[in-house]
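Single-structure report; data block below.
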Amino acid sequence: MSQVEREYVISLDRALLAAKYRRTEKVVQMVRRFVARHMRAKPESVKLDPSLNELIWSKGIQAKWRRIKVKVSKEEEVYRVLPS
């Protein structure tokens, strides 16, 4: 089976509308939903790489992310999201 890889730049401006103590959690949810929508997958099958998770949390829980560049690869029925 062929492996699919794509790169996306995800806009995260709406995360700033969340409460300060929930912004990073919101960013993680937004990345999952974005990948699920664009790769036509279920959100449960989207797995964030630990390095991407560390990158997102590196600014703390009140992070003011604007955008993030990710690489998505499909392996069987699992979608891996890596930082670019």
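The values are calculated or read from the model by the stated rules, or taken from the named source; none is laboratory data. From a predicted model like this one, the values you see are computed outputs, not experimental measurements. Every residue, glycine among them, receives a Cβ derived from its backbone with ideal geometry; neighbour counts consider all protein chains shown. Accessible surface is based on the protein model in full, side chains and every heavy atom, while ligands, DNA and RNA are left aside. Shrake-Rupley method; radii C 1.70, N 1.55, O 1.52, S 1.80 Å.
Summing Lys and Arg as +1 and Asp and Glu as -1 over all other residues whose Cβ lies under 11 Å from the Cβ of L55 gives a net charge of 0.
Give the lysines whose C-alpha is closer than 30 Å to that of K20, dropping any in the same chain fewer than 8 places away, or say none. Straight-line reach from K20, under 30 Å: K42, K47, K59, K64, K69, K71.
What percentage of the solvent-accessible surface of the chain, computed with a 1.4 Å probe over protein heavy atoms, is contributed by carbon and sulfur atoms? Don't skip to the end; give the middle numbers.
On the way: 2710 of 5730 Å².
The computed percentage sits at 47.
Within segment 8-65, report the trypsin sites (Lys or Arg not before Pro) that DSSP leaves as loop and that have at most 10 other Cβ atoms within 10 Å. Taking segment 8-65 and a limit of 10 other Cβ atoms within 10 Å, the loop trypsin sites (Lys or Arg not before Pro) found are R40. Would you work out which of F34, S45, V72 lies farthest towards the positive end of the dipole of segment 24-84? Charges go on Cβ: Lys and Arg +1, Asp and Glu -1. Checking the options against the dipole of segment 24-84, the answer is F34.
Computed over neighbours whose Cβ is under 12 Å from that of Y8, the net charge equals +3, Lys and Arg +1, Asp and Glu -1.
Think of each Lys and Arg Cβ as +1 and each Asp and Glu Cβ as -1; about the Cα centre, that makes the dipole of the chain roughly 540 debye.
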